[in-house]
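This report concerns only the one structure given below.
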Amino acid sequence: MDADARLTLAADHDTFRDDIVAGLSRPEKSLPPKHLYDDRGSALFDQICELPEYYPTRTEKAILRRRLPELRSLVPDGSVLIEFGSGSSEKIRLLLEGIEDRLFSYVPVDISAEYLGYVNDELQRDYPQLRIDPIAADFTKPFPLPSELSGTRHRVGFFPGSTIGNFERSEAVDMLRAFTTELGTHGGLIIGVDLLKSPEIILPAYDDSQGVTAAFIGNILQRANMELDADFDVDRFEYRAEFVEEHGRIDMCMVSTANQCVSIDDTEIEFSEGESIHVSSSRKFTFDSFAKLAAEAGLRVDEIWTDPEELFSVQYLVA
Ligand code: AVJ
């Protein structure tokens, strides 16, 4: 491992510890979802994407596949394609099928340096002609782009999966603004946006019958045990998903099934029976609510593509 990669990993570890301790010290305990995606978390998330109940991935992929010619027309020759959070490389493969020859470079940005290296190797093997410039960074904050990738080059952002829905409104606005900075005033953003619909469809997608989502959310406690000196008794926490109708939002929590005390290094955290740790939320949007959010970040919705049932949308935003 080179010095840069080591530095990145050390930084990951420190923010993980600080975020865990800060989140669990609040009266309403919470943990930021970005720490769900270590190696095991990323593998579990890939499994979620294959679940029969989890409609977003297959629906988004179908939309991308069907709209490839239109997407291609958004990417002029010599463009830089920046993917914010390169979690699973499947969707980018789909997009590359249609636009690879138009790209100067593909720039995956991900918080996990390890995962990034792996995705990079796999992609490079399958697309030997493609120039790949991976960046290990927290994409929710502005990060420097090497000058040969910015300047006058046309930049197109890719932010699939409705990951935007995992952020609180004000965070989502700030993040979209940060993307705009990376993309420049002439760039555009291809973004996946999950749509508000009946809880009967939404809830099972986040509380599947095989318990994969429960394992995925619970993994954050195991990760704390392995990487920080924490002693969560994972058998005394239970997964719960709840649809908050008035906010069009799914809340994913780990609930303590007993009064208990957990230590993380030298910090002691008390849990009462039934107390929950909020780990993740997934917001669902209407066309209007999303357009408003984009507008607050100075972006305009230029195109919306959906599936016939309007379960999911892929949208193109411009500054
Ligand atoms: C990260 C937005 C793709 O909210 O649907 C899925 C994360 N968490 N199941 C989502 C997630 C639990 C997922 N995205």
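The values are calculated or read from the model by the stated rules, or taken from the named source; none is laboratory data. What you see is a predicted model, and the numbers here were worked out from it, not measured in a lab. Backbone-built Cβ (ideal geometry, glycine too); neighbour counts: all protein chains shown.
Within the set Glu114, Glu200, the sole residue that is acidic (Asp, Glu), modelled with pLDDT under 90, away from the ligand (no atom under 16 Å from the Cβ) and in a helix (DSSP H, G or I) turns out to be Glu114. When region 224-245 is filtered for residues that are β-branched (Val, Ile, Thr) and either part of a strand (DSSP E or B) or closer than 18 Å to Ser25 by Cβ (or both), only Val244 remains. Taking residues in region 156-170 that are within 14 Å of Ser313 (Cβ to Cβ) and small (Gly, Ala, Ser), and partners anywhere that are assigned to a loop (DSSP other than H, G, I, E, B) and at pLDDT 95 or above, the pairs with Cβ atoms closer than 9 Å and at least 6 places apart or on different chains are Ser162/Lys284; Gly165/Lys284. Residue under question is Leu123, and the condition is that it be assigned to a helix (DSSP H, G or I), modelled with pLDDT of 95 or more and surrounded by 15 or more Cβ atoms within 10 Å (Cβ to Cβ); does it hold? It is false that Leu123 is assigned to a helix (DSSP H, G or I), modelled with pLDDT of 95 or more and surrounded by 15 or more Cβ atoms within 10 Å (Cβ to Cβ). Within region 22-40, residues that are over 23 Å from Gly274 (Cβ atoms) sit with their Cβ atoms under 6 Å from residues that are among the charged types (D, E, K, R) and more than 14 Å from the ligand (Cβ to nearest atom), at 6+ positions apart or across chains, in these pairs: Asp38/Arg223. Applying the criterion of being of a type in the set (Ser, Thr, Tyr) and more than 14 Å from the chain's Cα centre (by Cα) to the residues of region 14-46, the residue that is surrounded by the fewest Cβ atoms within 10 Å (Cβ to Cβ) is Ser25. The set of residues from region 219-248 being within 30 Å of Glu200 (Cβ to Cβ) and buried (at least 18 other Cβ atoms within 10 Å of the Cβ) comprises Asn219, Ile220, Leu221, Phe237, Tyr239, Ala241, Phe243, Gly248.
Scanning region 47-62 for residues that are more than 11 Å from the ligand (Cβ to nearest atom), of a type outside the set (A, V, I, L, M, F, W, C) and more than 18 Å from Arg283 (Cβ to Cβ), which turns out surrounded by the most Cβ atoms within 10 Å (Cβ to Cβ)? Residue satisfying both the conditions and the ranking: Lys61. Considering region 130-178, and only residues there that are among the hydrophobic types (A, V, I, L, M, F, W, C) and in a helix (DSSP H, G or I), the residue that is nearest to Ile99 (Cα to Cα) turns out to be Leu149. Contact map, region 47-64: residues that are within 16 Å of Asp207 (Cβ to Cβ) and acidic (Asp, Glu) paired with residues that are at pLDDT 95 or above and outside any loop (DSSP other than H, G, I, E, B), Cβ distance under 7 Å, separation 6+ or inter-chain. Pairs shown: Glu53/Pro204; Glu53/Ala205.
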